[in-house]
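Visitor: The structure under discussion is supplied below as structure tokens; questions concerning it will follow.
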């Protein structure tokens, strides 16, 4: 049991914590802590109870309300401070935690943030942190608003606030202090400042050994003796930054770095500046409706559906026979090429809700025997599009093959469908690549499920569980900075969704 690290005014809660310290903590939340039935956190007291009881750090949690921590002052990370590790699921469920105050000026604590350190089995998603203030002490290290040390995947999250380090501090980031994992669709509007002799300060991360997809930082970054940058202070590799940006220093952002592209204030307000980002109302970069513009990009779950979408529906009402690349598609919630009552029903279902309700009424399978990517709403991306192959096939006459790419490039095939009523996805894949350097990868909702480098020696059959709701599946072939072997590509065939 770790020591208490906060000031509470509730005598009753202090009594409960003292009792549990002596006898072992009991869960106070609804749920059972499993993936299918996570513990449900709805109040600040319930969140603080998790923070104080590390025996639950391998369990799974979900927020059911926004949480305000005003009035509490912490001197170390709320969850899993230095010497501990959170290794479960923390699903923000499209909620936010506000007014976190961590003051380590006197303790000189390390591993500061909402999470001090996360393990490889952990996952953080769909969470916002607003007005989080972290003040590090002299020589405090590994500091970030979401996590000090991140060894797990984080998706669809954001932070706003300030991080101030003391003298001699290092590895300080607006979102992550030290990253050794994958961060997807996240942003930090956090001002970062360093004390005398501090180093490795970044608007998003202090030091990098991981990967980032579609992330940005818009806070100011200043101070420090070395490696003070707008996105990442220092990275062990120049690779792993895809679709990453930071605000130009001339418009209030941090110093230009070589990892993320600097954008002016005007560019930050223009969706076309963000290459490959899936914005609401366009389909060329996917149909997940991940981002919307709210001055700068915001996650769509931050901006509930309202009158702007209703106006768009009214504007295109009754239109038929258009493709998903036309403006009309922004009103086609049912994704069937017609704007009618079905679309109105889905818009109403999404009205002022956190999640956009879209429908993709298609038979869920594709063996590519049409000779084209036409049976499903496929999205082809990367440096070269996937192609239809009639030479190497698992069955029938055709398969899908990754496009011809060069060093440090990728080619991917993406499908977003409603998997409600289905239990499994099955498919065959084959890869011929430079072993341990060039990889075939498969993702479900941004999480890796397969990573295979080298020669597969033939077709490999795989199956994975799926769950109800809109889900994105991605098959990708990714190359490193040099070299190749074999056919330097991957194939996929006979994709089927089934019920057990």
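The values are calculated or read from the model by the stated rules, or taken from the named source; none is laboratory data. Because the structure is predicted, anything quoted here is derived from the model rather than measured. Every residue, glycine among them, receives a Cβ derived from its backbone with ideal geometry; neighbour counts consider all protein chains shown.
Visitor: So, restricting to strands (runs of 3 or more DSSP E) that lie completely within the stretch 400-500, which ones have at least 2 residues that are surrounded by fewer than 18 Cβ atoms within 10 Å (Cβ to Cβ)?
Guide: 424-432, 447-453, 460-465, 489-498
Visitor: Looking at (1) out of contact with any helix residue (DSSP H, G or I) (no Cβ under 6 Å at 6 or more places or on another chain); (2) modelled with pLDDT of 95 or more; (3) under 24 Å from residue 133 (Cα atoms); (4) in a loop (DSSP other than H, G, I, E, B), which is the one condition that is false for residue 58?
Guide: (3)
Visitor: While we're looking at this one, here's another question. Here is a check on your reading of the model: is residue 67 touching a helix residue (DSSP H, G or I) at 6+ places or on another chain (Cβ under 7 Å) and at pLDDT 95 or above?
Guide: Taking the combined requirement at face value, the residue satisfies it.
Yes or no, residue by residue, for (1) in a strand (DSSP E or B); (2) closer than 28 Å to residue 449 by Cβ; (3) in contact with a strand residue (DSSP E or B) (Cβ under 8 Å, 6 or more places away or on another chain):
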position	(1), (2), (3)
102	yes, no, yes
138	no, no, no
157	yes, yes, yes
160	yes, no, yes
167	no, no, no
172	yes, no, yes
191	yes, no, yes
196	no, no, no
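Visitor: Here's something else I'd like to know. For the stretch 174-230, give me the residue count where each residue is crowded, with 24+ Cβ neighbours inside 10 Å and touching a helix residue (DSSP H, G or I) at 6+ places or on another chain (Cβ under 9 Å).
Guide: Number satisfying all stated conditions: 4.
Visitor: Next up: Restricting the search to the stretch 79-123, which residues are touching a helix residue (DSSP H, G or I) at 6+ places or on another chain (Cβ under 6 Å) and either buried (at least 24 other Cβ atoms within 10 Å of the Cβ) or not assigned by TED's automatic domain parsing to the domain that holds residue 195 (or both)?
Guide: Once the filter is applied, which keeps residues that are touching a helix residue (DSSP H, G or I) at 6+ places or on another chain (Cβ under 6 Å) and either buried (at least 24 other Cβ atoms within 10 Å of the Cβ) or not assigned by TED's automatic domain parsing to the domain that holds residue 195 (or both), the stretch 79-123 yields only 79.
Visitor: For the stretch 369-385, give me the residue count where each residue is touching a residue at least 60 places away in the same chain (Cβ under 8 Å) and part of a loop (DSSP other than H, G, I, E, B). I'd like the intermediate steps shown before the answer.
Guide: Of the residues in the stretch 369-385, the ones touching a residue at least 60 places away in the same chain (Cβ under 8 Å) are 377, 379, 381-382.
Right, trim to part of a loop (DSSP other than H, G, I, E, B) and you get 377.
Number of matching residues: 1.
Visitor: Given 171, 151, 156, which one is within 14 Å of residue 111 (Cα to Cα) and under 19 Å from the mean Cα position of the chain (by Cα)?
Guide: Values: 171 fails: under 19 Å from the mean Cα position of the chain (by Cα); 156 fails: within 14 Å of residue 111 (Cα to Cα).
After applying the criteria, what remains is 151.
Visitor: Name the one entry in 309, 289 that is under 26 Å from residue 474 (Cβ atoms), in contact with a helix residue (DSSP H, G or I) (Cβ under 8 Å, 6 or more places away or on another chain) and buried (at least 19 other Cβ atoms within 10 Å of the Cβ). Walk me through it before giving the result.
Guide: Values: 309 fails: under 26 Å from residue 474 (Cβ atoms).
Only one candidate passes the filter, namely 289.
Visitor: Please go through the stretch 386-399 and pick out each residue that is in a loop (DSSP other than H, G, I, E, B) and either under 15 Å from residue 477 (Cα atoms) or not assigned by TED's automatic domain parsing to the domain that holds residue 471 (or both).
Guide: 386
Visitor: Please specify each residue of the stretch 231-251 satisfying the condition of being touching a helix residue (DSSP H, G or I) at 6+ places or on another chain (Cβ under 8 Å) and not in a loop (DSSP other than H, G, I, E, B).
Guide: Scanning the stretch 231-251 gives 245, 247, 251.
Visitor: Another question, if that's okay. Which of (1) modelled with pLDDT under 95; (2) under 28 Å from residue 139 (Cβ atoms); (3) buried (at least 20 other Cβ atoms within 10 Å of the Cβ) does residue 236 not meet, given it meets every other one?
Guide: (3)
Visitor: Then there's this: Across the stretch 252-273, which residue is surrounded by the most Cβ atoms within 10 Å (Cβ to Cβ) among those that are touching a helix residue (DSSP H, G or I) at 6+ places or on another chain (Cβ under 7 Å) and within 17 Å of residue 207 (Cα to Cα)?
Guide: Once the filter is applied, the top-ranked residue is 255.
Visitor: Residue 262: at pLDDT 80 or above and assigned to a loop (DSSP other than H, G, I, E, B), yes or no?
Guide: Judged against the criteria, residue 262 is not a match.
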